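Below: the structure, in structure tokens.
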Amino acid sequence: MPPPQTTGIYPSDSIVEVAQSLPLDPLGQGSADILAGDVEYRLHLILQEAKKFMVNGKRSTLLPEDIEYAMDALNVEPVLIPPKPLPLPAFQSLSIPSGSSSSSSSNQQQQQIYHLPDDEIDFSTYLKKPLPNGVLNSSGVKWKSHWLAVEGIQPAIKENPTPIQRAGPSRSQPASTSLKPQARNVLPQELQLYFTRLTTALVPLSNTNTNTNENEYERHRLAALTSLKNDIAINGILVYLVKWLSESIQKCLMASTITISQLIDSTQAVIENEGIFLEPYIHILLPPLMSIILTVPLGPHPPSSSSSNQPSPYDLRLHASQVLGKIAEKYGKSYPGLIPRLVSTLNKALNSPPFPSPLGASNPPSGRYEGALLALSSLGQQAVKTTVWGKAGENIIRIDDLAGRLYSDSSKKKNPLIRALIKCLSVIITPKPADTPTPQVNLDEIADAFGPNLANNLNKKLWTASEILRLRREELENESSQNNGDTNGNSVNGQVKQDDMEIDQPTT
């Protein structure tokens, strides 16, 4: 005999799904329909009881609290306990005397206002309270104090993560060479394959040990750079390529210097392509280039054993500065505010005070100042005169003093900061003619005018030394002649005024 068919709104499929999710025997035929009817009856019972609480509260909307009270009244264990309403605040009255004084009755009138009293917390009493039971009885929770940061720098102690741990595993690899699903729906299959092959070849894997594979990878990279520099088909994937370059540079600032150099080469190839419209994406390429120029530290730390065959951080900053100079030269006329904003950013970095090394070195890092000088040298003569040279070369003295503090080791012959400074000065001096003999320069005069560190590095660059001395003398002479001219002009004007006063005097 088939089981009786029950009608209701609660589906029996829910009963079957719940039974299958529990470790129970399979339900018999018709059991799900009978249980569904019982569940529906109990739901009606709870809702009917909750409606009584709603009516008793003089409300027309059923609240979760009514369901909770109904389940408590029916002695039903609640499955999900809704949050109880917050207790009403205890307002306190405060009497304020009335401001009117016209009559004696008005003087006795007082205005009542209500406010919430603020509880004063005594820290000494609060700290003496015992810890909660969950924390107090837990054996895994320990309390220990240590310095998270001192003057903005995280100290190198075992409780704090190392710079490599802070960088994360994703900083050593470029961005993914596969397109996102949104781009796959827009680009045709040919352009998707072109993007994947191009980005894979631009930053090849260097985990091979054979020279044959390395030469093969380098050949593919040069072919990809040529395609990036000359192909007009880049327009179809330009926005995705620019975003890939930006994300890859930001992730690889602490990766191998070869990887960073390959990404700079790719950025340079995109800029040199005359068949693409790159202006809307310049704002995406500038931040990663400025990061390479000003980021400290740059490259892997500690350096790998094969770092002697890799470009140094100075070379990377020089390469990125040259690419930045090409952007300024190509788009500076179209966007008049581009070069001034770059100069302002680099000048702030150049004038910022030194900060302790994040790697725990004895001397503060100088890469930021080297990158700022190299980038300013690529932005033109006016940028160097305004920021690096100053008035009669007075800014060079501060940079020389900074180089002495950052490179305190006297045995170090090559000072990268002075090297970058000399490259900056070569922009504002006159190039040496081929038939002009090398002049004789007194290096003591250079040391007195600009600093001893610059003088020591100019012993083999006497033409640069003579030119900066000539520029300084000319500016000082022009300044003195201008001051004398102003003084003479004031005296002549005073004499003219005196003669006019004598002429205007009445004769007797």
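Expected output is a single nm value to one decimal: the length gained when fully extending between Glu274 and Ser93, i.e. 0.36 nm times separation in residues minus the C-alpha distance. What is it?
57.3 nm
Taking every pair of alpha-carbon atoms in the range 370-411, give the share separated by more than 16 Å as a whole percent.
On the way: 369 of 861 pairs.
I get 43 percent for the Cα pairs in the range 370-411 exceeding 16 Å.
For the range 118-124, in order, what is each residue's ³J(HN,Hα) by Karplus, 6.51 cos²θ - 1.76 cosθ + 1.60 with θ = phi - 60°, in whole Hz (x at glycine and Pro)?
Once rounded to whole Hz, the list reads 8, 7, 8, 9, 8, 5, 4.
As a quick test, which of the pairs Lys326/Lys460; Lys333/Lys461; Lys158/Lys251; Lys333/Lys432 have an alpha carbon distance above 27 angstrom in this structure?
Where the Cα-Cα span goes over 27 Å, the pairs concerned are Lys326/Lys460; Lys333/Lys461; Lys333/Lys432.
Just to check I understand the Karplus step: with θ = phi - 60° and J = 6.51 cos²θ - 1.76 cosθ + 1.60, what whole-Hz values come out for the range 254-267, glycine and proline as x?
10, 8, 4, 5, 5, 5, 5, 5, 5, 5, 5, 4, 5, 5
Based on Cβ point charges of +1 for Lys and Arg and -1 for Asp and Glu, what charge dipole magnitude is obtained for the range 12-73 about its Cα centre, in debye rounded to the nearest 20?
In debye, rounded to 20, the range 12-73 gives about 420.
Given H placed 1.01 Å from N in the peptide plane, which residues other than close sequence neighbours of Met254 have an amide H under 5 Å from its amide H?
The list, which skips near neighbours in sequence, is Gly299.
Full-extension gain between Arg473 and Ile46, please, as 0.36 nm times their residue separation minus the C-alpha to C-alpha distance.
Length difference between fully extended and current span is 143.9 nm.
Give a residue-ordered list of calculated ³J(HN,Hα) values for the range 420-434 (Karplus: 6.51 cos²θ - 1.76 cosθ + 1.60, θ = phi - 60°; whole Hz; x for Gly, Pro).
Values per residue, Gly and Pro as x: 5, 5, 5, 5, 5, 5, 5, 6, 9, 9, 7, x, 6, x, 5 Hz.
Can you list, largest first and rounded to whole Å, the semi-axes you get for the range 12-73 by taking the square root of 5 times each eigenvalue of its Cα gyration tensor?
After scaling each eigenvalue by five and taking roots: 32, 11, 8 Å.
Show me the ranking of peptides 28-37, 237-246 by mean Cβ neighbours inside 10 Å, starting with the highest.
Working: 28-37: 15.9, 237-246: 19.5.
Result, highest mean Cβ count within 10 Å first: 237-246, 28-37.
Can you list the equivalent-ellipsoid semi-axes of the range 319-454, largest first and in whole Å, using the square root of 5 times each Cα gyration tensor eigenvalue?
25, 23, 13
Please report how far the C-alpha centroid of the range 312-340 lies from that of the range 343-406, rounded to the nearest whole angstrom.
Using only Cα atoms to place each centre, the spacing works out to 17 Å.
Going Cα to Cα from Lys51, which aspartates and glutamates come in below 16 Å? Please leave out same-chain ones fewer than 8 positions away.
Cross-link targets: Glu65, Asp66, Glu68, Asp72.
Quick note: the coordinates plus some simple rules give every number you see, no bench work behind them. Worth saying up front: this structure is predicted, and the values here are computed from it rather than measured. Methodologically, a virtual Cβ is constructed for each residue, glycine included, from the backbone with ideal geometry; neighbour enumeration extends over all protein chains shown.
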